[in-house]
Every structure is written in C-alpha cells, then in structure tokens.
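A.B. asks: Here it is: the structure, laid out below.
Where a number appears in this text, it was derived from the coordinates with a stated rule and is not lab data. In this text the structure is predicted, and so the values were computed from the model without any measurement. Glycine gets a Cβ as well: all are built from the backbone with ideal geometry, and neighbour counts include every protein chain shown.
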Amino acid sequence: MDIKQQKEFLVKAYHECLYQEKSLRRPISYYKDKIIEIRRKLEPTEEDFEKEIRLERDLRKYERKIRGDYETLIDMKENIIKRIIKIKIDTGRMKGYRVNFIYPIALLYVFDFNLNGS
C-alpha cells in the first residue's frame with residue numbers, strides 16, 4: 001500500500017470514527033429531549049414523574065455503558081489524526097516542500113509552501 005492509499009484509508013477510518021461517535025451520542029439527546037418534554041408540561045401527573053425518573057435512570061445507565069466505547073473511539077480518532085499528519089509531513093518532505101504549520105481546527109489538512117517560490 002503506497003502512501004496515497006494509506007492516507008485515503010486513514011481519512012475514511014477517521015470519518016467512520018466520527019459517524020460512530022455521533023451514533024453513540026444520539027440516544028443521550030433522545031433521553032434528554034424526552035425529560036425536558038415532561039418537565040415542560042403544565043399539569044404533570046404522577047405517571048409523568050415516574051416516567052421522568054425512569055428516563056433519568058436509563059440515561060445514567062446508558063452513559064455508564066458507553067463510557068468505555070466512547071473513550072476507545074476517541075483514542076482511535078487521535079491515533080488516526082497523528083498518522084495522517086505524519087503522512088502529510090512525510091509526503092511534503094518527499095516533494096521538496098516545507099511544512100510551515102498545521103492548522104489545528106482542520107486537523108486533516110497541512111498547508112505546504114514551496115521553497116522555490118513557484
């Protein structure tokens with residue numbers, strides 16, 4: 001696998017990590033929305049209070065359940081970013097470019113400037 005293929009593979013893996021992270025967080029927002037919906041009722045019943053307590057308990061249980069998966073996913077994402085940056089720096093050196101800086105928000109893009117001025 002050459003460097004270009006490695007970079008493409010890592011970018012795809014990074015996007016998959018982002019998707020997995022979003023899908024892990026989606027049920028949390030669902031629980032929170034349901035809890036807020038119950039709290040906004042003008043005349044809540046005893047059943048509503050029980051439902052709210054059940055939802056909060058389920059939310060805490062879900063957060064404990066995904067904590068390990070979420071931390072593993074974040075570690076994988078950080079490793080992928082480091083490898084992508086390393087590949088971009090190495091390819092910049094091979095082409096005779098100088099890598100001036102890495103823009104931290106973009107994470108995946110390294111800005112190269114040619115030393116010859118062309």
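A.B. asks: Please report ILE84, ILE35, ILE28 as a ranked list, fewest other C-beta atoms within 10 angstrom at the top and most at the bottom.
C.D. replies: ILE28, ILE35, ILE84
A.B. asks: Sort GLU56, GLU46, GLU71 so the one with the fewest other Cβ atoms within 10 Å of its own Cβ comes first.
C.D. replies: Ordered by Cβ neighbours within 10 Å, fewest first: GLU46, GLU71, GLU56.
A.B. asks: At a Cα cut-off below 15 Å, give the aspartates and glutamates reachable from LYS34, other chains included and same-chain residues fewer than 8 away excluded.
C.D. replies: Those aspartates and glutamates meeting the cut-off are GLU47, ASP48, GLU50, GLU52, GLU56, ASP58.
A.B. asks: Rank the residues TYR19, TYR30 as a footprinting-exposure proxy: fewest other Cβ atoms within 10 Å of their Cβ go first.
C.D. replies: Lowest count first: TYR19, TYR30.
A.B. asks: With a point put 7 Å past each Cα toward its Cβ, work out how far MET76 is from ILE53 in nm, to one decimal.
C.D. replies: If labels sit at MET76 and ILE53, their model points lie 3.8 nm apart.
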